[in-house]
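Everything on this sheet refers to the single structure shown next.
The values are calculated or read from the model by the stated rules, or taken from the named source; none is laboratory data. Since this is a predicted model, take the numbers as computed values, not measurements. Here the Cβ positions follow ideal geometry from the backbone for every residue, glycine too, while neighbour counts run over all protein chains shown.
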């Protein structure tokens, strides 16, 4: 601590009954594009009591905002060591520099004093990689490519204890897991939704899985609720079917139940909900979600969308997400999370389809397409400031090269044996390094 900070701590000690309790900020942790965990501590040397809290502002602004509740702290006679104090703040703007400080005052009132501000900058966005059904192989692929986030799917009712080996493999490669709670072709029960509390308690920040480990900074920050539930291919209906509206309503209800179950654990794990209209062009999905849960926007940590294809396809789809959620009153600071985007390539071999891209793309062409797409999305004034996760689909091919023309077998960033796919692998590695 510098001489200035020591004097400041002494001044703050006076605010805490002048008995020797000093207060200081710590480095912000778990900084993402829209959130950060602010840190501080009280150093107990003698008896003392007071109230402390966090304040936050965008750098350059004079307007400090309360960023936590006010917490009573007390150093009893004989106490030694420090009392940690932290708070996770959400709804921050991507790529923005923030200042934060601790305020302190006597328990009975009196003037507030503040520490010298600390500073952090939110990430612009978090690119990552989708795992395949082979979690171990995907973890190796992610480690090889330098991915910081790995989206990994588990059936929604899976016990947390059964997930430990997969989470450990991903963390061993230095990546943070993004958990996908899957329920293909069906809707989850309330018990399924509330089971996610067990995932949060085990794998969220401070969760039981991380006890005694040195990589707790890789704790799960979000759980994605379902995969393409707003699409028709799993359910055999259309956007105008009564079953489609009913599905959207029940989906939102289950999101709310999962949210409150996770909140009861005390773990800071957010839920990602689908605001993807499935390519229908209809607002039926979003409208029916909000009809069932009018405050859904207050319960979600991000809106997910899978905008495969060239600009003429992805931009209208993401623009509709923005417009449809805004029409229901959802604020524009909710992140947009692209949890799947990819290109199928077997280095020039003709495949069955490629979502509007040439079906015979080379690795070089796929690399150029990926680079251009990410750049265009980030530069888009309506999308770029909200873009957070960009998860490339997928870790590795599912078949050896030239063994089939089925497009779904060749979305890998690496080949099926984890060999490089030339320029495409290099481009993904560059993306993950940002």
If you take the residues in the range 413-428 that are in contact (Cβ under 8 Å) with a residue 60 or more places away in the chain and part of a loop (DSSP other than H, G, I, E, B), which one is surrounded by the fewest Cβ atoms within 10 Å (Cβ to Cβ)?
418
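Yes/no per residue for (1) farther than 26 Å from residue 144 by Cα; (2) at pLDDT below 95; (3) buried (at least 22 other Cβ atoms within 10 Å of the Cβ); (4) not assigned by TED's automatic domain parsing to the domain that holds residue 134:
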| position | (1), (2), (3), (4) |
| --- | --- |
| 347 | no, no, no, no |
| 359 | yes, no, no, no |
| 369 | no, no, no, no |
| 375 | no, no, no, no |
| 378 | no, yes, no, no |
| 386 | yes, yes, yes, no |
| 391 | no, no, yes, no |
| 398 | no, no, no, no |
| 403 | no, no, no, no |
With criteria (1) more than 19 Å from residue 304 (Cα to Cα); (2) surrounded by fewer than 20 Cβ atoms within 10 Å (Cβ to Cβ); (3) in contact (Cβ under 8 Å) with a residue 24 or more places away in the chain, residue 382 comes up short on (1)
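Please work out if residue 281 is at positive phi, assigned by TED's automatic domain parsing to the domain that holds residue 374 and more than 23 Å from the chain's Cα centre (by Cα).
On the way: at positive phi: yes; assigned by TED's automatic domain parsing to the domain that holds residue 374: yes; more than 23 Å from the chain's Cα centre (by Cα): yes.
Yes: the conditions hold for residue 281.
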The range 158-190, subset over 21 Å from the mean Cα position of the chain (by Cα) and within 30 Å of residue 243 (Cα to Cα), residue surrounded by the fewest Cβ atoms within 10 Å (Cβ to Cβ):
185
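Rundown of residues vs (1) under 19 Å from residue 132 (Cα atoms); (2) touching a residue at least 12 places away in the same chain (Cβ under 8 Å); (3) assigned to a loop (DSSP other than H, G, I, E, B), yes/no style:
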| position | (1), (2), (3) |
| --- | --- |
| 343 | yes, yes, yes |
| 347 | no, yes, yes |
| 371 | no, yes, no |
| 389 | yes, yes, no |
| 398 | yes, yes, yes |
| 401 | yes, yes, yes |
From the option list 268, 337, 276, single residue qualifying as assigned by TED's automatic domain parsing to the domain that holds residue 219, closer than 24 Å to residue 412 by Cβ and not in a strand (DSSP E or B) is 276
